[in-house]
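Each value in this text was obtained by applying a stated rule to the coordinates, not by laboratory testing. On a predicted model such as this, the values are computed, not experimentally measured, just so you know. When we count neighbours, we look across all protein chains shown, and the Cβ atoms used for this are built from the backbone with ideal geometry, even at glycine.
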Amino acid sequence: MRPTLQSFDENNETFFVPTFALVRQDGHPEMSVENFYGGIVHHGFMATKLVTHPHWHDDDNLPEGWAGNFAACLQDCVLPGFSVFSHGHALDAAGALLKKHKVRFKNPYASGGKDQTVIETVRALDRFLETVSDREIANGLVVEEDVENSTTYSVGQVQIEEHIGSYLGRQYTSHDEDGSKVYAGSRLRVVRGGWDALLHQVQSPVARRIVENARRYDEAALQHLGLVASRRNYDVLVGPITENGVRCGVLEQSWRVGGASPAEVLALEKLAQDETVTAVQAVLRESYGQPSTFNEDDFVVYVGDDDFGRPLHKYARIEKIYHDP
C-alpha cells in the first residue's frame, strides 16, 4: 500500500481514518494525533518496508529524503537485509545474504505478507530477477534473511483523545480458497498507557525483547522520520533458538488503520469506559468460506465478498477484561 499525500480540511474539524500512511505537504497545516487515526511522515518511502534496511550501494538512485541514519541505528533489532534499486545491486546483496541463509524478496509497497518470494540458490535468484522489470526495481525491493519456523507478533500503540493503549499480540494465518497463505487475525493484550506500562506487564524475556525492539523502531521513527501517529503497529518475527540466541526482528511498520484495528478500538473503548480496567484481551478474526459463528456482543466488521469475489467474514471480540487486583 502506497502512502498518500496529506490533503485535509484546514480547520481541523473532522476526524479522519485514512487507509494509507500520510505524507506531509508544504503549505498544509501540521496534523496532530487528535485529527486522525494513523500516522504521517516526511516522505512516502518512510511508510514502506524500504526504510527498515540500509541501501546496498551509494550509487543507488535513492528516494528523495533517504534516511540512512534510521536504518543504521536499527541493525540489531531487525533482520539482516538491504533495500535495493537496481538489478545488479539486488544480485550482489542477495548473493551476499545467500552465503548464510535463504533470502526473501519483498515488494515494499505490499501488505498482509503478499508479493514475497523466497530464494534458496543463486540460480533461483537469477530466474527471479529476470521477472522483475526495470521500473519495479527502480522503485525499490527489499531482500532480507528468511527465517523458517517463525512466529509473527504484533506490537502497537493507539491513541484516541487522551486515551492511550499499548499491546502485544500474536498474528494468525490461514489459507484462502485458492490455497494461498493469508492473514487470519490477531489476539492482542492491550494495557492502559504507553510502552512502560506494557513492559511492566510482560514477564517473559522473549516477550520483553519483542516489545523493546518495536519500541526502539518507534522511537527511531520519531527522531529520524518526523513520525506523528495515533496508530502504530509493528510486526515482529521470532524464530527458533540458535547458538546466538533467539532470532527476533521487526519486519515492518504500519502507521495506518490495519487488520487488527477493530480489536484495538474495542479494547481502547473498554479502557476508556472503566478506569478500574488495566488490560483487555481482544481478538480479530478473518475467515474465508463458511460464515463464522458470531456472539451477540461481537463487533461484526464485514460479511460479504473480498475483491476477488470470495466469501470473507471479519469480526472483533473482547475475550478477557483485567482489573486492578
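Only helices enter this figure: runs of n ≥ 4 DSSP H residues, each worth -39500 (n - 2.57), summed and divided by the residues of the chain, yield -6500 deg cm²/dmol at 222 nm to the nearest 500.
So how do 73, 248 line up by other beta-carbon neighbours within 10 Å, fewest first?
73, 248
Remark: C-alpha extents of region 151-323 on the principal axes read 44, 42, 32 Å, sorted largest to smallest.
What full-extension length gain, to one decimal in nm, is calculated for residue 178 and residue 121 as 0.36 nm per residue of separation minus the Cα-Cα distance?
Here the segment from residue 178 to residue 121 would lengthen by 17.8 nm.
Values of log10 I(q)/I(0) for the chain across q = 0.08, 0.11 Å⁻¹ run -0.38, -0.74, by the Debye formula with one identical scatterer at each alpha carbon and no solvent.
The mean sequence separation of alpha-carbon pairs under 8 Å and at least six residues apart, normalised by the residue count of the chain, gives a relative contact order of 18 percent. For the listed residue pairs 49/102; 49/270; 114/320; 181/270, the alpha carbons are over 30 angstrom apart in 49/270; 114/320; 181/270. Once you have a ≥ b ≥ c as the square roots of the Cα gyration tensor eigenvalues for region 47-145, tell me rounded if a/c is under 1.5, and otherwise prolate or oblate according to whether a/b is larger than b/c. Here region 47-145 falls in the rounded category. Each label was represented as a point 7 Å from its Cα along the Cα-to-Cβ direction; for residue 197 and residue 136 these points are 4.4 nm apart.
Distance from the C-alpha centroid of region 218-279 to that of region 74-119: 23 Å, rounded to the whole angstrom.
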